[in-house]
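Here's the structure, in structure tokens; my notes come after.
The values are calculated or read from the model by the stated rules, or taken from the named source; none is laboratory data. Just so it is clear, the model here is predicted, and its values are computed rather than measured. Here the Cβ positions follow ideal geometry from the backbone for every residue, glycine too, while neighbour counts run over all protein chains shown.
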Amino acid sequence: MTDTRDTDLATRIETLEQIEAIKALKHRYWRACDAKDPTTFRACFVRRGASIDYGRLGAFEDADPMAEIFTRVALHTVDGRHVVYDMHHGMHPEITVTGPGTATGRWTLRFRQVNLLDNTEKLMTGEYDDEYVLEDGAWRMSKCHFTETWAMIRPLPEGTTVTSGAFVGVTR
């Protein structure tokens, strides 16, 4: 006879492991954004049919068009140097496993961008509303909607120097 407390404990542990795997997925997504890694960025979404809405950047019914925009912006160079640098910090996750292989999530984003084409710095915050599914044994985003809460864009001060290190996954 199986003790129901053992079954409940096993279920709770499995749920916590799924939540941690989803958190790792979202962090991998943000690291890919900052590392200018379009392959990993795209791999964070389901193969087909992801609902993506990034407000000003556009809304899409598949991740491929967004991955193309990401590639164009993130990998844009002038004189062999990148011209857009991003920093994504995600926090306050609320992850709910809704069924076998499905979950929802909400996250707060703190975002900073240096744009050397416009000579500006952007600070922004907003909220992600996500849905996740297990695909081929790994969690992927099937929905990723972002709502900007506020943003501030300001010119870079005279004499600002921006240096860059290595970007994982970037071919020059």
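Looking only at the stretch 35-49, count how many residues are in a loop (DSSP other than H, G, I, E, B) and either closer than 12 Å to Met141 by Cα or among the small types (Gly, Ala, Ser) (or both). Give the derivation first.
The first filter runs over the stretch 35-49 and keeps only residues in a loop (DSSP other than H, G, I, E, B), leaving 35-37, 44, 46-49.
Retained after the next criterion (residues that are either closer than 12 Å to Met141 by Cα or among the small types (Gly, Ala, Ser) (or both)): 35, 44, 46-49.
So the count comes out to 6.
Looking at (1) touching an Asp or Glu at 6+ places or on another chain (Cβ under 9 Å); (2) at pLDDT 95 or above; (3) among the small types (Gly, Ala, Ser); (4) farther than 23 Å from Ile95 by Cβ, which is the one condition that is false for Ala50?
Unmet condition: (4).
Residue-by-condition table, conditions (1) assigned to a helix (DSSP H, G or I); (2) within 18 Å of Trp107 (Cβ to Cβ); (3) under 12 Å from the mean Cα position of the chain (by Cα):
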| position | (1), (2), (3) |
| --- | --- |
| Glu14 | yes, no, no |
| Glu20 | yes, yes, no |
| Ala24 | yes, yes, yes |
| Cys33 | yes, yes, yes |
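From the set of residues in the stretch 6-34 that are of a type in the set (Lys, Arg) and touching a helix residue (DSSP H, G or I) at 6+ places or on another chain (Cβ under 9 Å), which is nearest to Glu94 (Cα to Cα)?
Step by step, filter the stretch 6-34, then rank; the result is Arg28.
crowded, with 16+ Cβ neighbours inside 10 Å, closer than 19 Å to Phe45 by Cβ, at pLDDT 95 or above and touching a strand residue (DSSP E or B) at 6+ places or on another chain (Cβ under 9 Å), is that true of Gly101?
Criteria not met by Gly101.
Restricting attention to the stretch 101-141, which residues are more than 16 Å from Ala50 (Cα to Cα), touching a residue at least 24 places away in the same chain (Cβ under 8 Å) and part of a loop (DSSP other than H, G, I, E, B)?
Within the stretch 101-141, Leu116, Leu117, Asn119 qualify.
Hey, can you tell me all the residues within the stretch 142-162 that are over 13 Å from the mean Cα position of the chain (by Cα), touching a residue at least 60 places away in the same chain (Cβ under 8 Å) and in a strand (DSSP E or B)? Full working, then the answer.
Taking the stretch 142-162 as the starting set, the residues that turn out to be over 13 Å from the mean Cα position of the chain (by Cα) are 147-162.
Imposing the further condition that a residue be touching a residue at least 60 places away in the same chain (Cβ under 8 Å) reduces the set to 147-148, 162.
Within the stretch 142-162, Thr147, Glu148 qualify.
I'm checking my understanding of the structure. Among residues of the stretch 50-71 that are without any contact (Cβ under 8 Å) to a residue 24 or more places away in the chain and part of a strand (DSSP E or B), which one is surrounded by the most Cβ atoms within 10 Å (Cβ to Cβ)?
Ranking the qualifying residues of the stretch 50-71, first place goes to Phe60.
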